[in-house]
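The values are calculated or read from the model by the stated rules, or taken from the named source; none is laboratory data. Just so we're clear, the structure is a prediction, and the values are computed from it rather than from any experiment. Virtual Cβ from ideal backbone geometry, glycine too; neighbours counted across all protein chains shown. Protein only, heavy atoms only, side chains kept; ligands, DNA and RNA dropped before computing areas. Shrake-Rupley method; radii C 1.70, N 1.55, O 1.52, S 1.80 Å.
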Amino acid sequence: MKKYIYILLAAVSLTACESELELTSPSELTAAGFWDTEEGVRTAHTGLYANLRSSADEFWLLGEMRSDIWGGRTYESASNTSLIESNITVATAPFGGWAGLYTRIHRINDFLANIPNVTFVNEDEKDHLIGQAYGLRALYYYTLLKTWGDVPISLEPLTDVDPAALSKPRSPQSEVMSLIKSDIQASLSAFGSDGSFFNNSRVYWSKAATLALKGDVYIWSGNLLGGGNADFTEAKNALQQVEALGASLTSDISELWGVPNENNSEFIFAIQYKQDEASNFYNSLTGRSTEINPQFNDNGESMSDFVIAGANRYGQSEKTILLLDDNDDSRKDATFIRLYIDDNGGLGYPTYNEPKYFGSVFNKFLGQVNGSERIFENDVPVYRYADVLLLLAEAKNHLGENPAGEINQIRERAFGDNYNPLTHAYINGSKEDNANAILNERYKEFIGEGKRWWDLRRAGNSYVFDNIEFLSPGDEFKLILPITTDMIGRNPLLEQSPGYN
């Protein structure tokens with residue numbers, strides 16, 4: 001066994017993955033008889049979600065940081081400004097080692113290769129675990145495709161220590177998309193008629209999650225990879241099945257956020273966090289008490305008793321501030337706590353006042369206060385039913401159908417008692433008008449949830465250039481990230497992303 005590990009470690013310099021020490025662990029367990037029992041499989045299954053959680057901040061950065069949400073005022077040094085400004089070159093290429101996603105994929109490959117050989121007391125549960133694994137692998141490959149376009153495909157566990165076998169070229173997007181669709185179908189086949197949530201919890205992948213992912217994937221494929229109406233129809237049909245599996249909008253935005261509201265009916269799949277187990281990364285969108293406590297919120301209330309110990313590395317852009325500057329829309333207060341330097345004589349600041357604006361605290365995932373400490377232990381949704389509705393609106397719009405019903409479900413929930421159909425309801429328009437209305441609604445709804453950059457990309461290049469000030473026609477190659485020279489050095493079969501040479 002030691003000899004096996006040493007050979008694999010020696011091969012690390014020729015691989016495209018970031019840490020072969022991590023990658024060998026599934027195969028070590030196989031050699032040790034780990035996969036002989038149901039208990040071993042369940043332990044590995046738990047590990048798949050710990051792996052996913054380890055990538056949560058990368059998922060967020062990849063899905064949101066290049067959008068128009070952030071880049072505004074911070075009261076500490078800002079982070080990831082090069083991503084926000086799309087100031088990316090081969091020399092500064094972010095997310096070396098494919099953001100670690102192949103480590104996650106190799107562990108799923110090992111899981112899928114071994115679980116069929118293990119006998120379960122309840123074989124239906126075994127099928128559910130298989131459905132989860134295929135769904136997660138599809139999610140990883142979809143993220144790779146959206147980020148880098150052509151990427152290597154690896155479907156087998158690491159059992160060969162031949163360095164040449166460990167190096168793989170980038171496969172065309174068409175082949176990667178075919179794999180994603182195949183994994184989605186394998187996931188649905190494994191789930192069969194079982195639409196349950198594993199352990200009655202939304203922190204495990206489910207049939208509903210696979211259907212939500214399918215809708216997302218097929219809209220991307222239909223609009224950007226030539227799939228057309230056939231793919232849009234597949235997306236529509238998948239998304240329309242989700243509600244029957246126990247997903248629905250909460251009646252009020254306030255029922256979504258906060259630790260006591262976890263496992264609500266709107267969350268389809270969420271990444272789990274718990275005190276003394278793992279904290280989410282949203283404390284970087286808050287700040288320190290030394291800056292926050294002297295300020296006032298937009299109602300003129302003192303922040304002196306606000307318990308916090310975070311950082312303020314990301315500030316909402318002025319575009320975001322103005323987009324949410326509507327007191328009738330409950331998403332304004334649910335998303336941010338705006339800070340001002342005075343109480344405006346007790347009148348507060350019902351609308352944005354730039355000279356008095358100090359900054360903001362991201363309010364969705366603030367965890368909860370335990371004594372004198374704030375614990376960032378919110379579960380963070382990857383898919384929720386609002387996402388499904390607005391994806392369905394996209395699919396309908398691409399098919400020339402009316403998306404107003406789905407848009408208005410989101411608006412009616414957002415405005416609540418303030419909802420007035422005469423002023424708030426959307427009326428079906430041209431395809432372009434509908435697309436912009438859907439994008440605008442998704443912007444308001446999913447701030448901080450890692451969606452906006454992907455939403456613009458899925459809509460098409462023109463929507464990216466219309467909304468991102470740092471990108472213009474002629475920058476199409478920048479929509480895909482470069483890979484690092486180190487990655488190519490470790491895997492000579494890799495070629496640089498087009499346009500970066």
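How many angstrom lie between the C-alpha centres of the range 88-136 and the range 431-445?
33
List the lysines whose Cα sits under 24 Å from the Cα of residue 356, skipping any in the same chain fewer than 8 residues away.
Counting by Cα, and skipping residues close in sequence, residue 356 has these lysines nearby: 319, 332, 364, 444.
In whole angstrom, note down how far apart the Cα centers of the range 307-322 and the range 456-501 are.
Between the Cα centres of the range 307-322 and the range 456-501 lies a distance of 27 Å.
Please list, short to long, the whole-number percent of alpha-carbon pairs of the range 259-321 in consecutive 5 angstrom bins beginning at zero.
Pair shares across the bins are 4, 13, 15, 19, 19, 18, 10, 2.
Assuming 1.567 mPa s and 4 °C, estimate D for the chain with Stokes-Einstein, Rh taken as the Kirkwood radius over Cα pairs, in µm²/s.
The estimated diffusion coefficient comes to 54 µm²/s.
Using each residue's phi in the range 433-449, evaluate 6.51 cos²θ - 1.76 cosθ + 1.60 at θ = phi - 60° and report the 3J(HN,Hα) Karplus result to the nearest Hz, with x for Gly and Pro.
Going residue by residue, I get 4, 4, 4, 5, 5, 5, 4, 5, 5, 5, 4, 5, 6, 10, 3, x, 10 Hz, with x marking Gly and Pro.
So what are the three principal axis dimensions of the range 351-481 from its Cα atoms, in whole Å, longest to shortest?
54, 42, 35
Helix-only mean residue ellipticity at 222 nm, the chain, DSSP H runs n ≥ 4 weighted -39,500 (n - 2.57), per residue, nearest 500. What is it?
-13500 deg cm²/dmol
Can you pull the Rg over Rh of the range 442-501, Cα-only, Kirkwood?
Result for the range 442-501 is an Rg/Rh of 1.09.
Residue-wise, which Karplus ³J(HN,Hα) couplings in Hz belong to the range 480-485, taking 6.51 cos²θ - 1.76 cosθ + 1.60, θ = phi - 60°, and x for glycine or proline?
Karplus-based 3J(HN,Hα) across the range 480-485 equals 9, 7, x, 9, 6, 4 Hz.
In whole Å, largest first, what are the principal axis extents of the Cα atoms in the range 136-246?
For the range 136-246, the Cα extents along the three principal axes come out at 48, 36, 21 Å.
Assuming R0 = 22 Å, can you tell me the calculated FRET efficiency for the pair residue 288 and residue 347, based on Cβ-Cβ distance, to the nearest 0.05?
0.20
How long is the gain from residue 46 to residue 117 if the chain were fully straight, where each residue apart is worth 0.36 nm and the alpha carbon distance is subtracted?
Net length gain for the segment: 23.7 nm.
If you average the sequence gap of Cα pairs under 8 Å that are 6 or more apart and divide by the length of the chain, what percent do you get for the contact order?
Relative contact order of the chain: 21 percent.
Work out, step by step, the length gained on full extension between residue 77 and residue 251: first 0.36 nm times the residue separation, then minus their alpha carbon distance; give nm to one decimal.
Stretched out fully, the residue 77 to residue 251 stretch lengthens by 58.8 nm.
How much accessible area does residue 423 have with a 1.4 Å probe, in Å² rounded to the nearest 10?
100
Counting only C-alpha contacts under 8 Å and six or more residues apart, can you give the relative contact order of the range 391-501 as a whole percent?
About 15 percent, as a whole number.
With N residues in the range 276-359, what two-decimal value do you get for its Cα radius of gyration over 2.2 N^0.38 Å?
With N residues counted in the range 276-359, Rg over 2.2 N^0.38 Å equals 1.12.
Output the pairs from 168/207; 146/274; 207/478; 214/431; 126/396 with a Cα-Cα distance over 25 Å in this structure; if there are none, say none.
Listed pairs above 25 Å: 168/207; 146/274; 207/478; 126/396.
Using every pair of alpha-carbon atoms in the range 65-200, split the distances into 10 Å bins beginning at 0 and state the percent of pairs per bin, rounded to integers.
10, 31, 28, 20, 10, 1
The range 336-428: Rg/Rh from Cα coordinates, Kirkwood Rh?
The Rg/Rh ratio comes out at 1.10.
Out of the trypsin sites (Lys or Arg not before Pro) in the range 175-240, which ones are loop residues according to DSSP with at most 15 other C-beta atoms within 10 Å?
none
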